[in-house]
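Here the structure is laid out as structure tokens; the discussion comes afterwards.
No value in this document is a laboratory result; all are computed from the given coordinates. The model shown is predicted, which means the values in this text are computed figures rather than measured ones. Positions of Cβ are generated from backbone atoms using ideal geometry, with glycine treated the same way; all protein chains shown enter the neighbour counts.
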Amino acid sequence: MIRVSELRLELDEDESLLRKKAGKVLRTDPKYIEKLTIFKKSVDARKKDDVHFSYTVDVTLGLDETQVLRRCRSPKAKAAEEYKYTLPVNRRQSAFRPVVVGFGPAGMFAGLILAEAGLRPIVLERGKDIQRRQQDVNAFWQQHILNEESNVQFGEGGAGTFSDGKLTTGIKSPFIRQVLQELYEAGAPEEILYAAKPHIGTDRLAVVVQNIRKKIERLGGEVRLECRLENLILANGFIHGVTYSHLGQTVDMETDAVILAIGHSARDTVEMLYKNGAQIIQKPFSVGARIEHPQKLIDKAQYGAFAGHPKLGAADYKLSCHGLHQRGAYTFCMCPGGTVVAAASEKGSVIVNGMSTLARDGENANSALLVGIDPVDFPSEHPLAGMYYQREIEQNAFALGGGDYRAPAQLVGDFLADLESRALGNVQPTCPTGVTLTNLRYCLPDKVRTTMQAAITEMDKRLHGFALPDAVLTAPETRSSSSVRILRDEFCQCNLRGVYPCGEGAGYAGGIVSAAVDGIKCAHAVLADAH
Ligand SMILES: Cc1cc2nc3c(=O)[nH]c(=O)nc-3n(C[C@H](O)[C@H](O)[C@H](O)COP(=O)(O)OP(=O)(O)OC[C@H]3O[C@@H](n4cnc5c(N)ncnc54)[C@H](O)[C@@H]3O)c2cc1C
């Protein structure tokens, strides 16, 4: 197979032209191309007057490919191999079924691999199935009734289910391909296999998650919903079982391997682990707000005269600034054509996030604008101090919003001038529980607020309109990552032997794909443990 990169297509050109273009690079008649698949597709918008697509394709030729490569001498062509995931050998001797706690991306992929290896894992998930979870989330968004066990963070699919479903990641791992392939087979659009910025959309994610659960069950695994891990049964530092609760009943279950994929919002479970002696350390995290602009403004800033072209869809952006008040600020989880999400999981607290549907056709663009918080900023050296600091910010926001889950919000113009907002301008905020106009100085730490002010002005130089006075900031965004790390060794186990801290909550991932990859990694570690 030969991989040919940097094939340019104009916005109005058809993908059928790729054969001809690949043939030209290879100096080979396209009739010898037996198979062509798109490996990567991206929008090149570096020059606003020359927006086009750039493709990398894999071709199989009905000719000697080594000779073709030697003859064409193009830096755009190189030999490539198709990636194929292989399940590692199962060295486990134990008769116990492994337990996975949490059915977010990390737990889903850990469960899937263990099920494929024939270990019939039992997955415990504290939240409800997707349909009933959706009803609880609707009750929260429409009537402001929060269910602490079934919400945007907890339930089938984890935090990922109500996410935007962007599948970009900063990590490098051969398992990324496998994650995308599984998601595609479970119902995600084919484009995720090759788009430079793959995206599922929250609407399609629900289907994907349910199909992955069914696959685990078909392979002999079990996903037990509304089952919350309450405690670990330990003896001499080794895991012997777990205690979980289900609809008011407490159940003890024997096992010698527990993958803990609990996400970053299960503060009660983290406290339980700490009490049991798990080694937990502080970890930096970020705090900020969602910033909403009209999507048309972002399209214009990114695509110039090409804005609105049907093949381009809604434009995104990614911005960062360093060295502002000795801190960095960055945009995160940008949702083109999306909405702000009220994402609380604890009563009396407000947090926001963002999502979009597959179509990304909403009026507004939103993104988190975040500032890093280091352990030196935490109120104490206690390993869980960052977690309590997050909670304090969320509770302050609840009070500032009016005590009924409306989120505090401020116009960007007022934020920059440090003035309380009193009326909305041309941008309608989309937070489903509503917003209370205020001054965000009363809920964001000072260092976060002043760094955000400097960043907005700086970012406006790179994305014209970013500092639009009518743009709306809705706060706080506190849970872009975990505030703790549960230490683990090279076998992915923590000091409580047989316990595998996994995914975002344990501090080993940030986002859907990296959490899923970590799930695979921990499942491999279970398979490799021959005790
Ligand atoms: C609104 C929103 C939008 C997002 N958008 C994106 C995006 O576009 N792209 C992206 O990459 N990331 C996005 N994220 C982040 C992404 O969802 C997380 O990074 C990812 O879900 C982390 O995966 P995880 O499996 O480690 O944890 P989680 O997905 O948080 O899953 C943990 C699961 O464990 C369960 N659990 C916790 N404690 C217990 C217990 N004691 N017993 C049993 N079960 C328990 C929880 O109920 C939960 O279902 C978004 C998040 C949100 C909230």
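Before moving on, here are some points about what is shown:
- Across all directions, the average flat footprint of the convex hull enclosing the Cα atoms of the stretch 284-477 is 10.6 nm².
- Each of ILE113, ILE456 was scored by other Cβ atoms within 10 Å of its Cβ. Arranged with the fewest first, they read ILE456, ILE113.
- The stretch 118-190: trypsin sites (Lys or Arg not before Pro) in DSSP coil with no more than 14 other Cβ atoms inside 10 Å: LYS172
- Rg to Rh, two decimals, where the stretch 227-376 supplies the alpha carbon set and Rh follows Kirkwood: 1.13
- For the stretch 258-361, the set of GluC sites (Glu not before Pro) satisfying both a DSSP loop assignment and a count of at most 15 other C-beta atoms within 10 Å is empty.
- Per DSSP, loop chymotrypsin sites (Phe, Trp or Tyr not before Pro) in the stretch 85-132 with at most 15 further Cβ within 10 Å: TYR85
- Inter-label distance, HIS464 to ARG441: 3.2 nm, where each label sits 7 Å from its Cα along the C-beta direction.
- Note on the chain: antiparallel DSSP beta bridges, both residues inside, total approximately 80 percent of the bridges counted.
- Sites ALA45 and LEU17 - FRET efficiency at Förster radius 22 Å, r taken between beta-carbons, to 0.05: 0.60
- The label point for ALA528 and the one for ASP418, both projected 7 Å from the Cα toward the Cβ, are 5.3 nm apart.
- Each of ASP518, ASP361, ASP529 has some number of other Cβ atoms within 10 Å of its Cβ, and from fewest to most they run ASP361, ASP529, ASP518.
- On the principal axes of its alpha-carbon atoms, the stretch 430-498 has extents of 54, 31, 24 Å, going from largest to smallest.
- Packing-based order for 202-208, 376-382, using average beta carbon neighbours within 10 Å, highest first: 202-208, 376-382
- Radius ratio Rg over Rh of the stretch 140-225, counting only Cα atoms, Kirkwood formula for Rh: 1.02
- When the Cα convex hull of the stretch 288-339 is projected onto planes of every orientation, the mean area is 4.2 nm².
- Hull volume per residue, based on the alpha-carbon atoms of the stretch 375-531 and their convex hull, is 156 Å³.
- Each residue of the stretch 118-129 is assigned a 3J(HN,Hα), and the resulting list reads x, 8, 6, x, 10, 9, 9, 10, 5, x, 9, 5 Hz, derived from the Karplus form 6.51 cos²θ - 1.76 cosθ + 1.60 (θ = phi - 60°), x at Gly and Pro.
- Cβ-Cβ FRET estimate between GLN93 and ASN426, R0 fixed at 60 Å, reported to 0.05: 0.35
- Residues whose amide H falls under 5 Å from that of ILE259, counting only those 5 or more places apart or on a different chain, are VAL99, VAL100, VAL101, TYR500, with hydrogens built in the peptide plane.
- Taking only the Cα atoms of the chain, the radius of gyration and Dmax are 24.3, 72 Å.
- Per-residue extension of 0.36 nm, minus the Cα-Cα distance of GLN142 and ASP252, leaves a gain of 35.8 nm for this segment.
- A Förster radius of 51 Å, combined with the Cβ-Cβ distance separating LYS214 from PHE238, puts the computed FRET efficiency at roughly 0.95.
- Here's how it looks for GLU230: its modeled amide H is under 5 Å from those of THR243, TYR244, SER245, which are all 5 or more places away or on a different chain.
- Average projected area [Cα convex hull, the stretch 1-81], square nanometres: 5.2 nm²
- The label-point distance for TYR388 and MET1, in a model that sets each label 7 Å from Cα toward Cβ, rounds to 5.3 nm.
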